[in-house]
Amino acid sequence: MDAVVEAAGQQLDRLVRVQPDFPQPGVLFRDLTPVLADAMALDLLARALVAPAPTATLVAGIEARGFLLGAVAAMSLGVGVLALRKPGKLPGEVLSESYDLEYGAAALQVHPGDVPADARVLVIDDVLATGGTVAAACRLLRRAGAEVVGVSVAVELAALGGRAALARQEADVPVSTVRAW
Ligand SMILES: O=P(O)(O)OC[C@H]1O[C@H](OP(=O)(O)OP(=O)(O)O)[C@H](O)[C@@H]1O
Ligand SMILES: Nc1ncnc2[nH]cnc12
């Protein structure tokens, strides 16, 4: 599987669009939409993302970009995908977790009833920056009764320290990234 991860990493090197000063001055934005639009890159990335957690029984995709990768990754593992949504999108009773990120603040929500009691969940997203988003996802899933077996992200922005921040908050969750820049 290391060969798949390396091949997917090469596709990220080739296709990720780097945009200075977006969505606000000072942020160097990594846009994965060209990767998603390339069939070979998308297939490799889906397989690389699930490689670290082959026994997961459910994938959790984080709104919005994590939805796209989470869905294809879940298909490649043969499991379902759980949508972790931003506020105001899910009807009925929800659990919520707030967090800060590089360019603002946000929250994630889930229906507790959508998480099976024995779920072994792999959290998937496109970018690990400060780590606030995936840490909130882990807290949310645990409150819903799930076991978080891993976090798998396409691109890690190493200078923003997300991996260390996540280790401080969620020390027992293995974190895998296809490429660290
Ligand atoms: O590690 P962090 O500092 O928390 O940042 C990473 C998050 O930032 C981006 O999402 P964003 O909130 O911009 O939402 P989007 O997917 O709806 O564009 C990205 O898709 C990650 O979810
Ligand atoms: N620099 C960045 N590029 C893309 N997504 C991000 N999420 C947080 N920071 C980001």
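The values are calculated or read from the model by the stated rules, or taken from the named source; none is laboratory data. Just so we're clear, the structure is a prediction, and the values are computed from it rather than from any experiment. For neighbour counting, all protein chains shown are included, and Cβ atoms are generated from backbone atoms with ideal geometry for every residue, glycine included. For accessibility, only protein heavy atoms count, side chains too; no ligands or nucleic acids. Shrake-Rupley method; radii C 1.70, N 1.55, O 1.52, S 1.80 Å.
Points worth noting:
- Protection proxy ranking, peptides 28-34, 111-117, average beta carbon neighbours within 10 Å, highest first: 28-34, 111-117
- Ellipticity at 222 nm from helices only: DSSP H runs of n ≥ 4 in the chain, each -39500 (n - 2.57), divided by the residue count, give -10500 deg cm²/dmol.
- Surface exposure of the chain, expressed per residue as accessible area with a 1.4 Å probe, stands at 45 Å².
- Residue-level accessible surface for Val18, protein heavy atoms, 1.4 Å, Å²: 70 Å²
- Measuring only protein heavy atoms, the 1.4 Å probe finds Val149 accessible over about 30 Å².
- Per the Debye calculation on the chain with a single equal scatterer at every Cα and no solvent contribution, log₁₀ I(q)/I(0) for q = 0.12 Å⁻¹ amounts to -0.51.
- In this structure, Asp43 and Trp181 have a Cβ-Cβ separation that, at R0 = 30 Å, corresponds to a calculated FRET efficiency of about 0.85.
- Within the accessible surface of region 41-100, defined with a 1.4 Å probe on protein heavy atoms only, the carbon and sulfur portion equals 58 percent.
- In region 1-110, GluC sites (Glu not before Pro) in a DSSP loop with at most 14 other beta-carbon atoms within 10 Å: Glu93
- Distance between the 7 Å Cα→Cβ label points at Phe22 and Asp100: 2.6 nm.
- Residue separation of Ala159 and Thr33 scaled by 0.36 nm, minus their Cα-Cα distance, works out to 43.1 nm of gained length.
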